[in-house]
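Input: a single structure, listed below in structure tokens.
The values are calculated or read from the model by the stated rules, or taken from the named source; none is laboratory data. From a predicted model like this one, the values you see are computed outputs, not experimental measurements. As a convention, Cβ positions derive from the backbone with ideal geometry for all residues, glycine included, and neighbour counts pool all protein chains shown. The area values use the complete protein model at the heavy-atom level, side chains included, leaving out ligands, DNA and RNA. Shrake-Rupley method; radii C 1.70, N 1.55, O 1.52, S 1.80 Å.
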Amino acid sequence: MKILLIEDDRKVGRFIEKGLSEVSYSVVWVRTAAAAKDALCETAFDALILDLGLPDGDGLELLKNWRQSGFNEPVIILSARDAVQDRIKGLNLGADDYLPKPFSFEELLARVRSLMRRKSDQKVTTFKHGDIKMDLLARTVLVEGNPIELTNREFALLEYFIQNIGRVLTRTQIAEKIWEAHFDMETNLIEVYVRRLRKKLEMNEDKESAIKTIRGVGYKMA
Ligand code: CA
């Protein structure tokens, strides 16, 4: 289980990092909003622990931006602001839980565990991004309300993109995920698939593609 901890207070941060590592969570600890943005764009986390007062920004703003750009990782807000208004605001912006400071580690751990349980209970099976709607169980994709036909590989590729909105996926990652290839696959094949997928997703030609090419690296759905 991988947790992103966003906390600028060294003492509190160290305390949480140590505690979670001891119970075998893998913790990435960052101290600024900017570092949190980078970390989240790089990899997926199972949960985020977010302090609200950060040196370079407000945790609530950060949360709002993440939710707007499609990141759906569970978030526990950690904050000295225990006013009811802040709590409601945080939950409205998409936080899953709220823990006022000071707190005991046991309490934090209990909440992290409960979040993980909830997460594994309700696996997300439908996605919406722009005018694309994807249902993993029914195995259907709608673009602007119209069903489109995808091959199994194209479907898997779109699923990988839509589950990682805003993240750059490298050619190697895509090859491993979609082709289970651990060798340096002919990257041309990925390009061919991405091109086909784009074509099917773009009903009209002058529409900007949802899948962006990141030159020399890979692709990103944004
Ligand atoms: Ca703080």
Say the cut-off is 19 Å between C-alpha atoms; which of LYS128/LYS200; LYS2/LYS37; LYS101/LYS123; LYS11/LYS101; LYS133/LYS220; LYS64/LYS101 go over it? LYS101/LYS123; LYS64/LYS101
Pairwise FRET efficiency - SER114 versus VAL84, Cβ, R0 = 30 Å, nearest 0.05: 0.90
Which whole-number value in Å² is the accessible area per residue of the chain, probe 1.4 Å? 55 Å²
Once you've got the GNM for the chain with C-alpha springs shorter than 10 Å, pick whichever of LEU48, LEU197, LEU169 has the biggest mean-square fluctuation. LEU197
Contour minus Cα-Cα distance for LEU136 and GLN173 (0.36 nm per residue): 11.3 nm
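Using only DSSP helix segments of four residues or longer, with each worth -39500 (n - 2.57), what per-residue ellipticity at 222 nm results for the chain after dividing by its residue count and rounding to 500?
Roughly -13000 deg cm²/dmol at 222 nm, from the helical runs in the chain.
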5 Å-binned pair-distance histogram of segment 2-121 (Cα, whole percent): 2, 12, 25, 27, 23, 10, 2, 0
Name the most mobile residue of ASN146, ASN164, ASN72, meaning the one with the largest mean-square fluctuation, in a Gaussian network model of the chain with Cα contacts below 10 Å. ASN146
Whole-percent carbon and sulfur contribution to the accessible surface of the chain (1.4 Å, no ligands, DNA or RNA) stands at 49 percent
Pairwise FRET efficiency - ARG14 versus TYR160, Cβ, R0 = 30 Å, nearest 0.05: 0.25
Divide, for the chain, the radius of gyration over alpha carbons by 2.2 N^0.38 Å, where N is the residue count. 1.13
